[in-house]
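Engineer: Got a structure here, written out as C-alpha cells. Questions coming.
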Amino acid sequence: MGIKGLTKLLGDYAPSCVQQQELKNYFGRKIAIDASMNIYQFLSAVRAGADNLRNEAGEVTSHLSGLFYRTTRLMELGIMPCYVFDGKPPELKSGELSKRIEARRQAEASAALAKEEGDVEAYEKFNRRVNKVSPEVIEQSKRLLRLMGIPILEAPEEAEAQCASLCKENLVYATASEDMDSLTFGSSKVIRQLWVGATSTAEKKGIHPLEFSLEKALLELNFSYEQFIDLCILCGCDYLDSIRGIGPYKAFNLIRKHGNLEGALEEIKEKHDVPDHFPYDKARELFLKPKVHSPSSVVLEWSPPDEQGIIQMLVHESNFNEDNIRKALKRLAHSKHASSQGRLENFFSIKPKEQQDPSTDKKRKAPVFSPKRNKRR
C-alpha cells in the first residue's frame, strides 16, 4: 500500500522534490530494486489465453519474461540493477496482510462467479487481483537473476528498508519502487516507473521515470526527517489503521502545527475516533530503526551471465522461444561492457554547496542530507 496520498501531497507542497527523468540519465548508476513489487506487477498483467506467458504445463511465466527482458534492457542502458527481496514481515504489519488476504479471497469468489456466468471481461479483471507472489515464484526469480549475473539481497524484513540502507551508505544511487514508504525508510532518492519506462512503447506513450528526492522534500516541507515519518504514519501506512477523517492534507497541517504526532493526536481525539490499538511509537521505530543487513556485510557484484543455464531454464523448462532468448543473451553480454563504465562524476569529489547559517533564519530548517559524493554508485 505504501503511504496514502503522499505523492500528491509532495506534488503540491514540495514540487521540486520530484523530477521526470530519461532512462539514459541513469547510465552507470547502481539502483536497488524492490523485487516483490515489480514481480507482482508482472503477475497482475497476465492476459487470459496468452500462450507466451505460460509454459506447456499451464504455469504462469510472466514474472520470468518480465525479469529477463526488462533487466536486460536496463543493463543495455548502462544501468546496474540489484534486486532486494522481502524477508519476514514485521509483526506490526499483520493487520495489513490480513486485509490483503481477505481482498484476494473476495477477488477469487468474484472471478469464479464471472467465469460461471461467461463474463470474460469481469473474469480477467478479478483474476488479476488473485495473483500473488508465491514462494515458488520468488525462488524462480532469484534463480534467474543469479543466472543473469545480477546481485540479489534477501532483506531481514522489509525490502524497502534494506534498499534505503543501501542508499544511505552510497552503495547504490537510488531505490526503484512504486511504494512511497521507500522515502519514509530514508532512501535519499526513490525512482517510480523505472520498469514501465523501460518498455519499448514507453517513449511513445510519454512514460518516463519519476525521481523523488528526500532531501528536497524535507527542505520544502520545512520538516525534519522525524517529522516526515510522523506525517507518513498519520497519512496511513502498512503498520497502522488510518484514522477516519484524517487525510494527507489534514495530516500535514497537524504535524506542521504541533511539530510531532503526539501533539497532533491530542487535537485529533477531540473530533475524531482514534483506533483503540494505534501503536504509532512502534511504527515510528520501524521506520527509524528497521532490521537491515549491515552495510559492511553487503557485497554487490555483477558477473557474466550463465548462458547455458538461462537456456535450460527459459527455453527447456519454461518454453520460451529459443531464438528470442539467444538474441537477448547477446545484448545482455554486450551490456556488461556498457554498465561497467563509470560516470564522469565518480572520478571527482564534488564540494557541497555552502549552507546558510541556521542562526540567521528565524524558521527552523530541516537537516540537510550530505551524501558522500566520491563513492561510485
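Engineer: Looking only at the range 301-316, count how many residues are surrounded by fewer than 16 Cβ atoms within 10 Å (Cβ to Cβ) and either part of a helix (DSSP H, G or I) or touching a Leu at 6+ places or on another chain (Cβ under 8 Å) (or both). First the steps, then the outcome.
Structural biologist: Kept after step one, since they are surrounded by fewer than 16 Cβ atoms within 10 Å (Cβ to Cβ), are these residues of the range 301-316: 301, 303-304, 306, 308-309, 312, 316.
From what is left, the residues that are either part of a helix (DSSP H, G or I) or touching a Leu at 6+ places or on another chain (Cβ under 8 Å) (or both) are 306, 308-309, 312, 316.
Going through the range 301-316 one residue at a time, the tally reaches 5.
This table checks each residue for (1) modelled with pLDDT of 75 or more; (2) over 30 Å from Glu301 (Cβ atoms); (3) assigned by TED's automatic domain parsing to the domain that holds Cys237.
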site: Asp12; (1), (2), (3): yes, yes, no
site: Gly28; (1), (2), (3): yes, no, no
site: Ala35; (1), (2), (3): yes, no, no
site: Asn38; (1), (2), (3): yes, no, no
site: Arg47; (1), (2), (3): no, yes, no
site: Asn52; (1), (2), (3): no, yes, no
site: Ser65; (1), (2), (3): yes, no, no
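Engineer: Look at Ser165 and say whether it is among the small types (Gly, Ala, Ser), at pLDDT 90 or above, part of a helix (DSSP H, G or I) and within 23 Å of Ser335 (Cβ to Cβ). So that I can check it myself, show each step before the final result.
Structural biologist: Values: among the small types (Gly, Ala, Ser): yes; at pLDDT 90 or above: yes; part of a helix (DSSP H, G or I): yes; within 23 Å of Ser335 (Cβ to Cβ): no.
Considered against the rule, which asks whether it is among the small types (Gly, Ala, Ser), at pLDDT 90 or above, part of a helix (DSSP H, G or I) and within 23 Å of Ser335 (Cβ to Cβ), Ser165 comes out as no.
Engineer: Can you tell me which residue in the range 226-241 is farthest from Gly2 (Cα to Cα), limited to those that are crowded, with 17+ Cβ neighbours inside 10 Å and over 19 Å from the mean Cα position of the chain (by Cα)? Break it down into steps so the answer makes sense when it comes.
Structural biologist: Going through the range 226-241, the residues crowded, with 17+ Cβ neighbours inside 10 Å turn out to be 227-240.
Checking the rest, the ones that are also over 19 Å from the mean Cα position of the chain (by Cα) come to 227, 230-231, 234, 240.
Numbers: Gln227: 17, Asp230: 14, Leu231: 13, Leu234: 12, Leu240: 11 Å.
By that ranking, first place goes to Gln227.
Engineer: Consider the range 197-237. How many of its residues are in a helix (DSSP H, G or I) and more than 16 Å from Ala174 (Cβ to Cβ)?
Structural biologist: Within the range 197-237, the subset in a helix (DSSP H, G or I) is 197-198, 202-205, 214-221, 225-235.
The next check asks that each one be more than 16 Å from Ala174 (Cβ to Cβ); those that pass are 202-205, 218-221, 225-235.
Residues meeting the conditions: 19.
Engineer: Additional query: Return yes when Ser339 is in contact with a strand residue (DSSP E or B) (Cβ under 7 Å, 6 or more places away or on another chain) and at pLDDT below 95 and no when it is not. Give the derivation first.
Structural biologist: Working: in contact with a strand residue (DSSP E or B) (Cβ under 7 Å, 6 or more places away or on another chain): yes; at pLDDT below 95: yes.
For Ser339, the condition - in contact with a strand residue (DSSP E or B) (Cβ under 7 Å, 6 or more places away or on another chain) and at pLDDT below 95 - is met.
Engineer: Are any of the residues in the range 291-300 farther than 24 Å from Glu154 by Cβ and at pLDDT 85 or above?
Structural biologist: So the first thing to find is which residues in the range 291-300 are farther than 24 Å from Glu154 by Cβ, and the list is none.
No: zero hits.
Engineer: Inspect all residues belonging to the range 143-150 and state whether any of them is in contact with a strand residue (DSSP E or B) (Cβ under 9 Å, 6 or more places away or on another chain) and over 20 Å from Ser335 (Cβ atoms). It would help to see each step written out before you state the result.
Structural biologist: Residues of the range 143-150 that are in contact with a strand residue (DSSP E or B) (Cβ under 9 Å, 6 or more places away or on another chain), as a first pass: 145-146, 150.
Imposing the further condition that a residue be over 20 Å from Ser335 (Cβ atoms) reduces the set to none.
No: the range 143-150 contains no residue that is in contact with a strand residue (DSSP E or B) (Cβ under 9 Å, 6 or more places away or on another chain) and over 20 Å from Ser335 (Cβ atoms).
Engineer: Would you check which residues across the range 238-257 are of a type in the set (A, V, I, L, M) and not in a helix (DSSP H, G or I) and list them? Explain how you work it out, then say what you get.
Structural biologist: Initially, the range 238-257 is screened for residues of a type in the set (A, V, I, L, M), giving 240, 243, 246, 251, 254-255.
If the condition is that a residue be of a type in the set (A, V, I, L, M) and not in a helix (DSSP H, G or I), then Leu240, Ile243, Ile246 are the ones that fit.
Engineer: Gln162 versus (1) more than 14 Å from the chain's Cα centre (by Cα); (2) under 24 Å from Trp302 (Cα atoms); (3) touching a residue at least 12 places away in the same chain (Cβ under 8 Å): which is the lone unmet condition?
Structural biologist: Every condition holds for Gln162 apart from (1).
Engineer: Inspect all residues belonging to the range 176-189 and state whether any of them is β-branched (Val, Ile, Thr) and more than 24 Å from Pro89 (Cβ to Cβ).
Structural biologist: First, pick out the residues of the range 176-189 that are β-branched (Val, Ile, Thr): 184.
With the extra rule that they be more than 24 Å from Pro89 (Cβ to Cβ), the set shrinks to none.
No, because not a single residue in the range 176-189 is β-branched (Val, Ile, Thr) and more than 24 Å from Pro89 (Cβ to Cβ).
Engineer: Could I ask something else about it? Among (1) over 21 Å from Leu67 (Cβ atoms); (2) assigned to a strand (DSSP E or B), there is one condition Ile33 misses while meeting the rest; what is its number?
Structural biologist: Here Ile33 meets the rest and fails (1).
Engineer: Please indicate, with yes or no, whether at least one residue in the range 163-174 is more than 30 Å from Asp273 (Cα to Cα), among the aromatic types (Phe, Trp, Tyr) and out of contact with any Leu (no Cβ under 8 Å at 6 or more places or on another chain). Write out each step before concluding.
Structural biologist: Filtering the range 163-174 down to residues more than 30 Å from Asp273 (Cα to Cα) leaves 163-174.
Now narrow it down to the ones that are among the aromatic types (Phe, Trp, Tyr): 173.
In the following step, the residues that additionally are out of contact with any Leu (no Cβ under 8 Å at 6 or more places or on another chain) were identified as 173.
Yes; the residues of the range 163-174 include at least one that is more than 30 Å from Asp273 (Cα to Cα), among the aromatic types (Phe, Trp, Tyr) and out of contact with any Leu (no Cβ under 8 Å at 6 or more places or on another chain).
Engineer: Turning to a different aspect of this structure: Which condition breaks for Arg244 when tested against (1) touching a Ser or Thr at 6+ places or on another chain (Cβ under 9 Å); (2) of a type in the set (D, E, K, R); (3) under 30 Å from Asp273 (Cβ atoms)?
Structural biologist: In the conditions (1) touching a Ser or Thr at 6+ places or on another chain (Cβ under 9 Å); (2) of a type in the set (D, E, K, R); (3) under 30 Å from Asp273 (Cβ atoms), Arg244 misses (1) alone.
Engineer: Sticking with this one: Can you report the number of residues in the range 318-335 which are buried (at least 16 other Cβ atoms within 10 Å of the Cβ) and part of a helix (DSSP H, G or I)? Talk me through it step by step, then tell me what you get.
Structural biologist: Of all residues in the range 318-335, those buried (at least 16 other Cβ atoms within 10 Å of the Cβ) come to 318-320, 325, 328-329, 332, 335.
Right, trim to part of a helix (DSSP H, G or I) and you get 325, 328-329, 332, 335.
Result for the range 318-335: 5.
Engineer: Need the failing condition index for Val18 against (1) more than 24 Å from Ala155 (Cα to Cα); (2) modelled with pLDDT under 95; (3) within 16 Å of the chain's Cα centre (by Cα), just the number.
Structural biologist: Failing condition for Val18: (2).
Engineer: Please name all residue pairs, on different chains or six or more residues apart, with Cβ atoms under 7 Å, provided the first residue is in the range 79-93 and is touching a residue at least 12 places away in the same chain (Cβ under 8 Å) and the second residue is surrounded by fewer than 16 Cβ atoms within 10 Å (Cβ to Cβ) and part of a strand (DSSP E or B).
Structural biologist: Phe85/Glu154; Gly87/Glu154
Engineer: Sort out which residues of the range 262-291 are part of a loop (DSSP other than H, G, I, E, B), exposed (fewer than 11 other Cβ atoms within 10 Å of the Cβ) and either among the charged types (D, E, K, R) or touching an Asp or Glu at 6+ places or on another chain (Cβ under 6 Å) (or both), and write them in order of number. Break it down into steps so the answer makes sense when it comes.
Structural biologist: Restricting attention to the range 262-291, the residues satisfying the condition of being part of a loop (DSSP other than H, G, I, E, B) are 272-279, 289-291.
Now narrow it down to the ones that are exposed (fewer than 11 other Cβ atoms within 10 Å of the Cβ): 273, 276-277, 289.
If the condition is that a residue be part of a loop (DSSP other than H, G, I, E, B), exposed (fewer than 11 other Cβ atoms within 10 Å of the Cβ) and either among the charged types (D, E, K, R) or touching an Asp or Glu at 6+ places or on another chain (Cβ under 6 Å) (or both), then Asp273, Asp276, Lys289 are the ones that fit.
The values are calculated or read from the model by the stated rules, or taken from the named source; none is laboratory data. Worth saying up front: this structure is predicted, and the values here are computed from it rather than measured. When we count neighbours, we look across all protein chains shown, and the Cβ atoms used for this are built from the backbone with ideal geometry, even at glycine.
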